[in-house]
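A.B. asks: Take this structure first; my questions come after.
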Amino acid sequence: MVHFHLNPSLWAVLLTFTSLQPCSADKRVDLIVRPDGGNVSSPIMYGLMHEDINNSGDGGIYAELIRNRAFQSGDESRYPVTLDGWSAVNGAKLSLKKLSQPLSAALPYSMNVAVPSSSNKTVGFANAGYWGMDVRVQKYTGSFYVKGAYQGKSFTASLQSALTGEVFGTTKVPVKKAGNDWVKYDFDLVPEKAAPNSNNTFAITFDAAGVRGGSLDFNLISLFPPTYNNRPNGLRVDIMEALAALKPKFLRFPGGNMLEGNTLPTWWKWNETIGDLKNRPGRAGVWGYPLSAGLGLVEYMQWCEDLNLEPILAVWSGLALDGGELPESRIDEAVQSALDELEFLTGDASTHWGGIRASILGHTRPWKIRYVEIGNEDWLGGGSTGFENYKKYRFPAFFKAFQEKYPEIQLIASPSVFDGMTIPKPAGGDYHPYLTPDNMVLSFNKFDSLTRDNLTLIGEAASTHPNGGIGWEGNLMPFPWWGGSVGEAIFLLGLERNGDKVIGATYAPGLRNLNRWQWAMTQIQHAADPALTTLSTSYHLLGTTAITKTLPVTATTGGIGPLYYVAGETERGSSVFKAAVYNSTEPVAVSVQFAGLGEKVKQPHKKTATATLTVLTGPTNPYEYNDPWKHNNVVEETKTKLKAKEGGIFSFTLPQLSVAVLETDSE
């Protein structure tokens, strides 16, 4: 038997963490896992969700290094166009211009760079990036547009320290002869040395004496490091690798409030996020900053391709965050936009939108869309009428249209049955529990009473505030913490027990830039410096052993609580037992008998069955967290090889606030 121990003097500290009555009776739990029975689980049980909150898109997983690259707003009453991120080099004067001949109708503003009179210096401008830039000896790919008369021989693109001015890499970009029109320049830049930190800038400079007319206009100034799978306009490597290690099965996008927009005109218009970047106007973000729309519909689909994820596509339902909503007489506008989006993604080249995808974007092969969610949290918005109108005419309009044109697609309503909506078959619902750890644990059996007709997506979930917290405001923890993460794990185990009623589950939000955020609870924290990319305590291992079929578990000693558990079969064909301990005064001795495995062991010439036990344990203080600035990891992972006793029995102990996975090894 494998034993894990905690200092008994620390139990009092641990038990102050929860307001639930301590469990002391079940110091031992004996379980039998039957090989037959159970239910087939969702093939996409664990996944991801993304909305641009916490600068998780621009300044996060979207690898663009230049902040405010195209002077976008999306709503100038909310976000005035500025030169945020930009500074002059060697006395140049920077200003915003709205030219009569802009780069495009989508990008009406540009940056005018005026040179000092009679100057023979090299002048230009620099960008500070998203709170810095990571500079390594690798190829950076960049581009920019210029308008104006310039008779110099070249422009210079460079990366340098914002503190010392040391130049790490530079490249000359030869001038093209193109009159006074907008001209695009592309370049590659390979630094000769790496920067010691991320406090760096990118600059474009040019010969002031070569400027005719006193100034040049610049727009859409872009710089990318190497991206995941080398995608143009792609995603950040370290963050994608961290997500890939979770082995997710789906991506819900565009998730959260980002879909709705602050006002009716500013919802996530999918057709303004496709095609050439110069034709993407950007949009007014809902979390305090404008968005570039560089991470658009196609980029989301490529994200799905690169990680082999099932897309769960969210479409706008006609509701805005300020309570505005389309009246019944206009709801067909939102429905048609959703149908057009589906045609763009799944239609062949003979269709209007499929033809645009194939001919303009070069993606001739249609994508597969099996899941579509109508709106986001419609039970929450729209004042006194939003939810009622969603049930009355908004969702029914989408339901009817999709049943007629795309009956094979699994529709998902943005509320769930827990929010008070009766959802018509065969549609499912979406449940978003943001709870204390205690309430996560109390929700372990929440789905037991549902029927398979109550199919539910858990499109967002997290432990957000400590036990005893009185609500949202002022009670969010600074980072996910170990005790909260164990509570989340128990809720997820309850979902896996009901895998035939659950579409899938995802933590939210997934990503957080350490320099600006609106929501502290995230799986991964990041900054310009990849060394600060930190996996939180909620970076669970449960999804790496996804259950394809649950197996019945009978307790011969003990039962549910303080040990919470589920058993099943994995896609690898192994048997797996998952468990977590919460609110226990002592370690729990566990024996798990895989009955079918026991029969195999009795057969002649069969080796003793083995299994791998992986246990996550945390600090003695359950409120501790992984601090990006300390580069610490408060979660300890222990792997142990176990041999089965006669009958296929594995024995071990689990301490308070632990999460464990026991998986049988291949024969």
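A.B. asks: Search the range 362-391 for residues being part of a helix (DSSP H, G or I) and more than 15 Å from Ala427 (Cβ to Cβ), and hand back the single one that is least open to solvent (accessible area, probe 1.4 Å).
C.D. replies: Looking at the filtered set, the residue picked out is Gly386.
A.B. asks: Right, another one. State all residues of the range 445-491 that are part of a loop (DSSP other than H, G, I, E, B), modelled with pLDDT of 90 or more and open to solvent by 30 Å² or more (accessible area, probe 1.4 Å); if no residue qualifies, say none.
C.D. replies: Listed by number, the residues that qualify are Asn445, Lys446, Asp448, Ser449, Thr451, Leu455.
A.B. asks: Suppose the filter is over 24 Å from Gly38 (Cβ atoms) and in contact with a Ser or Thr (Cβ under 8 Å, 6 or more places away or on another chain); does Pro424 pass it? Outline the logic, then answer.
C.D. replies: Numbers: over 24 Å from Gly38 (Cβ atoms): yes; in contact with a Ser or Thr (Cβ under 8 Å, 6 or more places away or on another chain): no.
No: the conditions fail for Pro424.
A.B. asks: On to the next question. For the range 88-125, how many residues are more than 19 Å from Gly294 (Cα to Cα), surrounded by fewer than 21 Cβ atoms within 10 Å (Cβ to Cβ) and among the small types (Gly, Ala, Ser)?
C.D. replies: 8
A.B. asks: For the range 272-284, state whether one or more residues are touching a Gly at 6+ places or on another chain (Cβ under 7 Å), in a loop (DSSP other than H, G, I, E, B) and under 21 Å from Trp131 (Cβ atoms).
C.D. replies: Taking every residue of the range 272-284 in turn, at least one turns out to be touching a Gly at 6+ places or on another chain (Cβ under 7 Å), in a loop (DSSP other than H, G, I, E, B) and under 21 Å from Trp131 (Cβ atoms).
A.B. asks: Scanning the range 616-636 for residues that are over 24 Å from the mean Cα position of the chain (by Cα) and part of a strand (DSSP E or B), which turns out farthest from Leu654 (Cα to Cα)?
C.D. replies: Only one residue fits best here, namely Glu636.
A.B. asks: Please determine, by comparing only the residues of the range 419-440 that are open to solvent by 10 Å² or more (accessible area, probe 1.4 Å) and out of contact with any strand residue (DSSP E or B) (no Cβ under 9 Å at 6 or more places or on another chain), which one is farthest from Leu20 (Cα to Cα).
C.D. replies: This residue is Lys425.
A.B. asks: Since Ser215 meets every condition but one in (1) in contact (Cβ under 8 Å) with a residue 40 or more places away in the chain; (2) part of a loop (DSSP other than H, G, I, E, B); (3) out of contact with any Phe, Trp or Tyr (no Cβ under 8 Å at 6 or more places or on another chain), which condition does it not meet?
C.D. replies: With respect to (1) in contact (Cβ under 8 Å) with a residue 40 or more places away in the chain; (2) part of a loop (DSSP other than H, G, I, E, B); (3) out of contact with any Phe, Trp or Tyr (no Cβ under 8 Å at 6 or more places or on another chain), Ser215 is out only on (2).
A.B. asks: Here is a list of conditions, (1) in contact (Cβ under 8 Å) with a residue 24 or more places away in the chain; (2) part of a loop (DSSP other than H, G, I, E, B), and Thr164 meets all of them except one; can you say which number that is?
C.D. replies: Just one mismatch for Thr164, condition (1).
A.B. asks: Does Asp322 satisfy the criteria of being open to solvent by 20 Å² or more (accessible area, probe 1.4 Å) and in a loop (DSSP other than H, G, I, E, B)?
C.D. replies: Yes: the conditions hold for Asp322.
A.B. asks: Let me ask something additional. Here is a list of conditions, (1) within 24 Å of Glu51 (Cα to Cα); (2) modelled with pLDDT of 95 or more, and Lys391 meets all of them except one; can you say which number that is?
C.D. replies: The failed condition is (1).
A.B. asks: Ok, one more. Test Glu663 against the criterion of being part of a strand (DSSP E or B) and not β-branched (Val, Ile, Thr), and give yes or no.
C.D. replies: Yes, satisfied.
A.B. asks: Output the residues belonging to the range 34-76 that are more than 24 Å from Pro248 (Cα to Cα) and hydroxyl-bearing (Ser, Thr, Tyr).
C.D. replies: If the condition is that a residue be more than 24 Å from Pro248 (Cα to Cα) and hydroxyl-bearing (Ser, Thr, Tyr), then Ser73 is the only one that fits.
A.B. asks: What do you reckon, is Glu76 buried (at least 24 other Cβ atoms within 10 Å of the Cβ) and either assigned to a strand (DSSP E or B) or not aliphatic (A, V, I, L, M) (or both)?
C.D. replies: Values: buried (at least 24 other Cβ atoms within 10 Å of the Cβ): no; either assigned to a strand (DSSP E or B) or not aliphatic (A, V, I, L, M) (or both): yes.
No.
A.B. asks: Does the range 568-578 include one or more residues that are surrounded by fewer than 19 Cβ atoms within 10 Å (Cβ to Cβ), farther than 18 Å from Ser41 by Cβ and modelled with pLDDT under 95?
C.D. replies: No, the range 568-578 has no match at all.
A.B. asks: Any idea which of (1) open to solvent by 20 Å² or more (accessible area, probe 1.4 Å); (2) free of Cβ contacts under 8 Å to residues at least 40 places away in the same chain; (3) within 10 Å of Phe155 (Cβ to Cβ) is the one Val173 doesn't satisfy?
C.D. replies: Of the numbered conditions (1) open to solvent by 20 Å² or more (accessible area, probe 1.4 Å); (2) free of Cβ contacts under 8 Å to residues at least 40 places away in the same chain; (3) within 10 Å of Phe155 (Cβ to Cβ), the odd one out for Val173 is (1).
A.B. asks: Look at Asn199 and say whether it is farther than 27 Å from Gly296 by Cα, within 32 Å of the chain's Cα centre (by Cα), modelled with pLDDT of 95 or more and surrounded by fewer than 20 Cβ atoms within 10 Å (Cβ to Cβ).
C.D. replies: Judged against the criteria, Asn199 is a match.
A.B. asks: Is there a residue being closer than 30 Å to Pro102 by Cα, part of a loop (DSSP other than H, G, I, E, B), open to solvent by less than 70 Å² (accessible area, probe 1.4 Å) and of a type in the set (Gly, Ala, Ser) anywhere in the range 153-161?
C.D. replies: Scanning the range 153-161 turns up no residue that is closer than 30 Å to Pro102 by Cα, part of a loop (DSSP other than H, G, I, E, B), open to solvent by less than 70 Å² (accessible area, probe 1.4 Å) and of a type in the set (Gly, Ala, Ser).
A.B. asks: Please state which of the following conditions Thr664 fails to meet, knowing it meets all the rest: (1) open to solvent by 10 Å² or more (accessible area, probe 1.4 Å); (2) closer than 18 Å to Thr545 by Cα; (3) within 30 Å of the chain's Cα centre (by Cα).
C.D. replies: Every condition holds for Thr664 apart from (3).
A.B. asks: Select from the range 153-196 the residues that are modelled with pLDDT of 95 or more and small (Gly, Ala, Ser) and list them in ascending order.
C.D. replies: Ser154, Ala157, Ser158, Ser161, Ala162, Gly165, Gly169, Ala194, Ala195
The values are calculated or read from the model by the stated rules, or taken from the named source; none is laboratory data. Keep in mind it's a predicted model, so treat the numbers as computed, not measured. Cβ sites come from the backbone with ideal geometry, for glycine too, and all protein chains shown count toward neighbours. Protein only, heavy atoms only, side chains kept; ligands, DNA and RNA dropped before computing areas. Shrake-Rupley method; radii C 1.70, N 1.55, O 1.52, S 1.80 Å.
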